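The values are calculated or read from the model by the stated rules, or taken from the named source; none is laboratory data. Because the structure is predicted, anything quoted here is derived from the model rather than measured. With ideal geometry, Cβ positions are generated from the backbone for all residues, glycine too; neighbour counts draw on all protein chains shown.
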Amino acid sequence: MAHRSAWKNRWTFMLATAGSAIGLGNIWKLPYMIGVNGGSAFVLVFIACIFFVGIPLMMTEILLGRRAQKNPLDGMATLANEAKTSLHWKWLGGMGMVTGLLILGFYSVIGGWVLSYIIEAARGVFTNVTGAQSTANFDALLASPLTLLCWHTVFMVMTMGVVARGVNSGLEKANNILIPALFAILLVLLGYSMSVGDMAAAYQFMFSLDFSKITPVAVLSALGHAFFSLSLGMGAVMVYGSYLKRDISIARTTVYIALADTMLGLLVGLAIYALVFANHLEPSAGPGLIFQSLPIAFGHMPWGNLIGTLFFMLVAFAAWTSAISLVEPAIAWITENTKIKRASATVGLGIMVWLLGVAVLLSFNEWKGVKIVFGLSIFETLDKLTSTILLPLGGLLMAIFAGYWMKKDHVQDELNLNDAHFKWWRTLNNIVAPIAILAVFLYLFEVIK
Ligand code: TRP
């Protein structure tokens, strides 16, 4: 096998994995999903999914990667070999690679929206903007395929530019400063929202304990989003784990990352809903929510243009480090199995994903009427297919493999937990998470039928 690069220490691994986890999922997707799925019901289930499914499965995925020391497809083959079971397990790795590319197809388009908002903020477009104007600005962006194409292309080039150079490119170091900076700016935003927005309503909307509002669809979406937000189920975390040295505690790293990731999403949610309620915006506005609500805050606060520009820059950065992890499994597989150079592989995959993104961006305007299945547009189909089906399915299979096929000693070797903690992980991984995922799938089949 070719020389594999490795993380220098626990800190760089943690930053890279946090960089993968923290992205548009927290800042763009979680807030609007909360609104679309009835507020607090969704939040509650989402938090439960993070703790009972997300955290244990993140540990599972890292341990699989570190044991295999390979890309997901060959890695699963190696592990299956070690467990003396069917090599077909490798298709689990294969499925993950495809899933990652499908996600990137729409991720890049939304990344493009963020890039365009950096410029808008810097140009002062948000100054004194009202809710209605802000919504109109966003609608104008969606209505312009050329603008969307331009920014989608820039985002893809940025992503592939880093991927072509390989891990250890230095991006993780930038994470070191930029993720804390994102938190800091968020606190400023939150403070501002608190002073001018309707924080009480936001809090009530997100955290009132109303179990009656929990619907099956909310549960389904919350589980899917727990996977999406933690980058689980497609091998991204597995590849990162494969570059990880042996002396690092998987459990502790996982808990830190999951907490940071979840907190960040919920803070953005609060900041946004305080503005949404104070400005009479629609909580269930969907994917445009942050682009319609945040400019109002930036447009009225002192230094708003500057703070807004910085904010969207940091979001773009977070999206960038996530996007990279969506392609890394496929690139690792190609370079470890063929003579194709990393750079050429990157260009090839980049063009394919770019084309997919073009279809996605057209689904917001020219191809708005095009429905793929169940009345879903191209964007919605890709989003639902990956988040609610492919990622949980990948996670389920990984949990079953680690829990029932791998030797217990091998698992314990990697996790290195004390007995009580190991029992916890095993119960969650072997029983709780699989049952939760299966239950959700059964429900999905009911709905589809
Ligand atoms: N977790 C990222 C976010 O929240 C998106 C992401 C990156 C992802 N890599 C992934 C999602 C792998 C699922 C699988 O924005």
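Being closer than 23 Å to residue 365 by Cα, among the hydrophobic types (A, V, I, L, M, F, W, C) and surrounded by fewer than 17 Cβ atoms within 10 Å (Cβ to Cβ), is that true of even one residue in region 124-131?
We begin by selecting, within region 124-131, every residue closer than 23 Å to residue 365 by Cα; these are 125, 131.
Checking the rest, the ones that are also among the hydrophobic types (A, V, I, L, M, F, W, C) come to 125.
Now restrict to residues that are surrounded by fewer than 17 Cβ atoms within 10 Å (Cβ to Cβ): none.
No, every residue in region 124-131 fails to be closer than 23 Å to residue 365 by Cα, among the hydrophobic types (A, V, I, L, M, F, W, C) and surrounded by fewer than 17 Cβ atoms within 10 Å (Cβ to Cβ).
Here are some residues: 25, 65. Which one is at pLDDT 90 or above and closer than 24 Å to residue 313 by Cβ? Spell out how you get there, then give the answer.
Numbers: 65 fails: closer than 24 Å to residue 313 by Cβ.
Answer to the check: 25.
With respect to (1) under 26 Å from residue 98 (Cα atoms); (2) of a type in the set (D, E, K, R); (3) more than 16 Å from the ligand (Cβ to nearest atom); (4) not in a loop (DSSP other than H, G, I, E, B), the lone exception for residue 414 is condition (1). Of the candidates 82, 61, the single residue that is within 19 Å of residue 404 (Cβ to Cβ), of a type in the set (Asp, Glu) and under 23 Å from the mean Cα position of the chain (by Cα) is 61.
Restricting attention to region 314-328, does a residue exist that is farther than 28 Å from residue 151 by Cα, more than 12 Å from the ligand (Cβ to nearest atom), of a type in the set (A, V, I, L, M, F, W, C) and part of a helix (DSSP H, G or I)? So that I can check it myself, show each step before the final result.
Of the residues in region 314-328, the ones farther than 28 Å from residue 151 by Cα are none.
Checked region 314-328: no residue is farther than 28 Å from residue 151 by Cα, more than 12 Å from the ligand (Cβ to nearest atom), of a type in the set (A, V, I, L, M, F, W, C) and part of a helix (DSSP H, G or I).
Scanning region 251-281 for residues that are in contact with a Gly (Cβ under 8 Å, 6 or more places away or on another chain) and either of a type in the set (S, T, N, Q) or without any contact (Cβ under 8 Å) to a residue 12 or more places away in the chain (or both) yields one hit, 279.
Looking only at helices (runs of 4 or more DSSP H) that fall completely inside region 168-250, which ones have 1 or more residues that are within 16 Å of the ligand (Cβ to nearest atom) and either at positive phi or not hydrophobic (A, V, I, L, M, F, W, C) (or both)? Spell out how you get there, then give the answer.
Values: elements: 171-196, 199-207, 216-229, 236-242.
Fully inside region 168-250 and qualifying: 171-196, 216-229, 236-242.
Looking at 35, 112, which is the one that is within 16 Å of the ligand (Cβ to nearest atom) and either in a helix (DSSP H, G or I) or surrounded by fewer than 24 Cβ atoms within 10 Å (Cβ to Cβ) (or both)?
Working: 35 fails: within 16 Å of the ligand (Cβ to nearest atom).
So the residue among 35, 112 that is within 16 Å of the ligand (Cβ to nearest atom) and either in a helix (DSSP H, G or I) or surrounded by fewer than 24 Cβ atoms within 10 Å (Cβ to Cβ) (or both) is 112.
Just so you know, in region 1-22 the residues that are of a type in the set (Ser, Thr, Tyr) and more than 9 Å from the ligand (Cβ to nearest atom) include one that is modelled with the lowest pLDDT, and it is 5.
Pick from 77, 122: which is away from the ligand (no atom under 16 Å from the Cβ), within 30 Å of residue 292 (Cβ to Cβ) and part of a helix (DSSP H, G or I)?
Numbers: 77 fails: within 30 Å of residue 292 (Cβ to Cβ).
Only one candidate qualifies: 122.
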